[in-house]
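Asker: This structure is in C-alpha cells; I'll ask about it shortly.
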Amino acid sequence: MPDRVLVTGGAGFIGHALIEHLLFNTDYEIVSLDRLDTSGNLSRLGSLLHDHPEYRSRLRVVWHDLKASLNDYTINKIGNVDYILHLAAGSHVDRSVLYPMEFVMDNVVGTCNILDYARLHCDDLKLFLYFSTDEVFGSAPQGVVFKEDDRYNSGNPYAATKAGAEELCVAYENTYSLPIIITHTMNVYGPKQHPEKYIPLVINKILNNETLEVHSNPELTEASKRHYLHSEDVARAILFLMKRHTIGEKYNIVANQESDNLDLALKISVMMGSTLKYRLVDPKVTRPRHDFRYALCGEKLKKLGWRQKIDLDAGLKSVIQWFLKNDNWR
C-alpha cells in the first residue's frame, strides 16, 4: 500500500504546489485539509485535477478549520496517515498587526490541534513536518545570515505566532516523542499565487499602469531585500526532507540569490517590455518595526544534497507568462 500524506493548507499557494509535486513524483495518496478562506482556493486543486484526471483517485479534500480540534467525522474522512505536512497558517503580516489574536488562533492554536491529532490518532506516523518562516529570526543586518538554531526576534505578530507554534512542535517532540522536523522558508513565488503577494502585485501594477510602493529604509534610499524561491523548488525540498532528515532538527530552505525588491520589480518590467512606475515608502504605519532584510543560511540542507533547480530569471519569466495567460488569477 502506498503511504498516505496529510497536507494542511493544501488549497493554499504553497500547499497546492506541494500536492502537485507529490502527485507527479510519488505514488503517495494525498489528503488536503483546508478551511478554504481568503488564501485557500479550491480552484488551485480543481485546475490540477482538471488537467490531470488520472490523479483524482489519489487526492481527497477534507474541509476543517484548525481553530477547532478534529472531530471523529473529520478524522474518519482523513483516514490513516503516514506523514503530516503542516502548512496551514495565517500569513499576511499587515493583517497580523491589525488583528494579532486571529493569528494566535490560526497559527498557535491551529498547530496545537493538529499536533494533538498526530499524538492521539497517528500511531504509525513517520514524520510531522512543520512549515515555518524566515521571519521568526527578524531583520538580518547586512552580511548576516541566520542558521537554524539562532535566536528568534519576531518583528510582528505573524512571526511571533509562527515562532510560538515552532516551540509547541519542539515540546511535542520532546514530551510525546512525535517524529517532528521544522523548516524555515524564505519568500516563495510561482503560479496561482494570491495577487496581494509581491511578484503578482508587481505584475498587476505594471499591467494597470499603476504606481508600485516598494518598502525601503526610513531614509527612502534603499529598497528592502529578500530571497525569492520558486514554489516548485520548495516542494522539491519538502519531498527531499521526507526521505532524508533527522527527527528533532530544523532546516532552512533558501534561494541562492538575494534580491533588492526595487531591482526585482524593474527586472520584471523589462521582461514584460513595460515601464515601472514606483515610489519608495517606509512602511512604518502598517509595519511599525519593518524587517528590512531577511537572510538565512542554507548550508545544512545543501550538505544533505538538496539544490535549488529554478534560478530567479527563469522562474520570473515563467511566472510572468503564466499570469499573462491566466488573467482570472490577477
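The values are calculated or read from the model by the stated rules, or taken from the named source; none is laboratory data. Since the model is a prediction, treat every value here as computed from it, not as a measurement. No Cβ is skipped: glycine too gets one built from the backbone with ideal geometry, and neighbour counts run over all protein chains shown. Protein only, heavy atoms only, side chains kept; ligands, DNA and RNA dropped before computing areas. Shrake-Rupley method; radii C 1.70, N 1.55, O 1.52, S 1.80 Å.
Asker: State which residue is most open to solvent (accessible area, probe 1.4 Å) when the search covers only the stretch 160-171 and only residues that are closer than 13 Å to VAL136 by Cα and of a type outside the set (Gly, Ala, Ser). Steps first, answer last, please.
Answerer: Our first condition is that a residue be closer than 13 Å to VAL136 by Cα; within the stretch 160-171, this holds for 160-167.
Among the residues that remain, those that are also of a type outside the set (Gly, Ala, Ser) are: 161-162, 166-167.
On the way: THR161: 8, LYS162: 5, GLU166: 0, GLU167: 104 Å².
Among residues in the stretch 160-171 that are closer than 13 Å to VAL136 by Cα and of a type outside the set (Gly, Ala, Ser), the one most open to solvent (accessible area, probe 1.4 Å) is GLU167.
Asker: So, one more: Looking at (1) open to solvent by 10 Å² or more (accessible area, probe 1.4 Å); (2) touching a Ser or Thr at 6+ places or on another chain (Cβ under 6 Å); (3) within 19 Å of ILE182 (Cβ to Cβ), which one does ASN107 not meet, given that it meets all the others?
Answerer: Looking at each condition in turn, ASN107 falls short on (1).
Asker: In this structure, does ARG279 turn out to be outside any loop (DSSP other than H, G, I, E, B), open to solvent by 20 Å² or more (accessible area, probe 1.4 Å) and in contact with an Asp or Glu (Cβ under 7 Å, 6 or more places away or on another chain)?
Answerer: yes
Asker: Residue by residue through the stretch 210-249, note down the ones that are over 14 Å from PHE131 (Cβ atoms), among the small types (Gly, Ala, Ser) and not in a loop (DSSP other than H, G, I, E, B).
Answerer: SER216, ALA223
Asker: For the stretch 210-244: of the residues being under 17 Å from LEU262 (Cα atoms) and acidic (Asp, Glu), which is most open to solvent (accessible area, probe 1.4 Å)?
Answerer: Per the stated criteria, the residue is GLU219.
Asker: In the stretch 48-73, how many residues are out of contact with any Asp or Glu (no Cβ under 6 Å at 6 or more places or on another chain) and touching a residue at least 24 places away in the same chain (Cβ under 8 Å)?
Answerer: Going through the stretch 48-73 one residue at a time, the tally reaches 14.
Asker: Do you know which of the residues in the stretch 292-330 that are modelled with pLDDT of 95 or more and acidic (Asp, Glu) is farthest from GLU219 (Cα to Cα)?
Answerer: Here the answer is GLU299.
Asker: Scanning the stretch 95-121 for residues that are in contact with a Leu (Cβ under 9 Å, 6 or more places away or on another chain) and either acidic (Asp, Glu) or in a loop (DSSP other than H, G, I, E, B) (or both), which turns out farthest from PRO157 (Cα to Cα)?
Answerer: Filtering first and then ranking leaves ASP116.
Asker: Any residue in the stretch 196-209 that is open to solvent by 10 Å² or more (accessible area, probe 1.4 Å), part of a loop (DSSP other than H, G, I, E, B) and under 27 Å from PHE240 (Cβ atoms)?
Answerer: Filtering the stretch 196-209 for residues open to solvent by 10 Å² or more (accessible area, probe 1.4 Å) gives 196-198, 201, 204-209.
This time we only want the ones that are part of a loop (DSSP other than H, G, I, E, B), so: 196-197, 208-209.
Imposing the further condition that a residue be under 27 Å from PHE240 (Cβ atoms) reduces the set to 197.
Yes, some residue in the stretch 196-209 is open to solvent by 10 Å² or more (accessible area, probe 1.4 Å), part of a loop (DSSP other than H, G, I, E, B) and under 27 Å from PHE240 (Cβ atoms).
Each row is one residue, and each column tells you yes or no for (1) exposed (fewer than 13 other Cβ atoms within 10 Å of the Cβ); (2) within 19 Å of PHE146 (Cβ to Cβ).
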position: LYS284; (1), (2): yes, no
position: ASP291; (1), (2): no, yes
position: CYS297; (1), (2): no, yes
position: LYS309; (1), (2): yes, no
position: SER318; (1), (2): no, no
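Asker: If you take the residues of the stretch 122-138 that are of a type in the set (A, V, I, L, M, F, W, C) and outside any loop (DSSP other than H, G, I, E, B), which of them is surrounded by the fewest Cβ atoms within 10 Å (Cβ to Cβ)?
Answerer: LEU127
Asker: Something else about it: Would you confirm, using the coordinates I've provided, whether ASN174 is part of a helix (DSSP H, G or I), surrounded by fewer than 18 Cβ atoms within 10 Å (Cβ to Cβ) and in contact with an Asp or Glu (Cβ under 9 Å, 6 or more places away or on another chain)?
Answerer: For ASN174, the condition - part of a helix (DSSP H, G or I), surrounded by fewer than 18 Cβ atoms within 10 Å (Cβ to Cβ) and in contact with an Asp or Glu (Cβ under 9 Å, 6 or more places away or on another chain) - is not met.
Asker: In the stretch 297-330, how many residues are of a type in the set (Lys, Arg) and closer than 29 Å to LYS250 by Cα?
Answerer: Here the count works out to 5.
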